[in-house]
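Right, one structure below, let's go through it.
The values are calculated or read from the model by the stated rules, or taken from the named source; none is laboratory data. Please read all numbers here as calculations on a predicted model, not as lab measurements. Cβ coordinates were reconstructed from backbone atoms using ideal geometry, including for glycine residues, and neighbour counts include every protein chain displayed. The protein model used for the area step is the full one, side chains on, heavy atoms only, and it has no ligands, DNA or RNA in it. Shrake-Rupley method; radii C 1.70, N 1.55, O 1.52, S 1.80 Å.
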Amino acid sequence: MSTNLKVHVALNTPAFDASVAFYRAFLGIEPVKLKPGYAKFDVAEPPLNLTLNEGPAPTPGALSHLGIQVPSTAAVLAATERLRAAGLVHEEQHGTDCCYALQDKVWVKDPSGNRWEVFVVKVADTQPGLTVGSPR
């Protein structure tokens, strides 16, 4: 088995042109393939194959959000500035306790309503004594 794994995310979008423009700005790269109703973004870091498919989005399901974890607060701030310049910043959070971890993050929404975060984990476990079965 290869160790060069890459996550693939395929999103349906009824707003194809707006979605292509959003992901160009959000990822800071051009699609490697752009066809009628289809766009592919090949992200090097983190390894991601993101495709957009024109068409109605299925009924909302269990997807909470998507994210890109970066190595530092400086990387979050750089992403925030790049996204703000593109008019995409929805919300910023600094020093937030999320998922039992201390994080800095910036949130955006694509034209289909998918929420993305760019985040860094500053403290991996903010409640190390809390485990499954322990009292809250």
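Nonpolar atom fraction for the chain, defined as the carbon and sulfur part of the 1.4 Å probe accessible area, stands at 56 percent. Between Lys122 and His65, the distance separating the two model label sites (each 7 Å from Cα on the Cα→Cβ line) works out to 1.6 nm.
With the simple spin-label model, which puts each label point 7 Å out from Cα in the Cβ direction, the Tyr100 to Ala15 separation comes to 3.6 nm.
DSSP finds beta bridges in the chain, and of those with both partners inside it, around 70 percent are antiparallel. Counting only DSSP beta bridges with both residues in region 1-56, the antiparallel share comes to about 55 percent. When Arg84, Arg24 are compared by accessible area of protein heavy atoms, the largest-first order is Arg84, Arg24, using a 1.4 Å probe.
Once the Cα atoms are used to define both axes, helix 16-27 deviates from the longest principal axis of the chain by about 50 degrees. Its alpha carbons give the chain an Rg and a Dmax of 16.7, 54 Å. Here the simple spin-label model places points 7 Å from the Cα toward Cβ, and for Ala74 and Glu92 these points are separated by 1.8 nm. Accessible area per residue for the chain is 60 Å², calculated with a 1.4 Å probe on protein heavy atoms, without ligands, DNA or RNA. Look at the dipole of region 1-110 built from charges on Cβ: of Leu11, Tyr38, Leu102, the Cα furthest out on the positive end belongs to Tyr38. Kirkwood analysis of region 50-102, using all unique Cα-Cα pairs, places the hydrodynamic radius at 14.0 Å.
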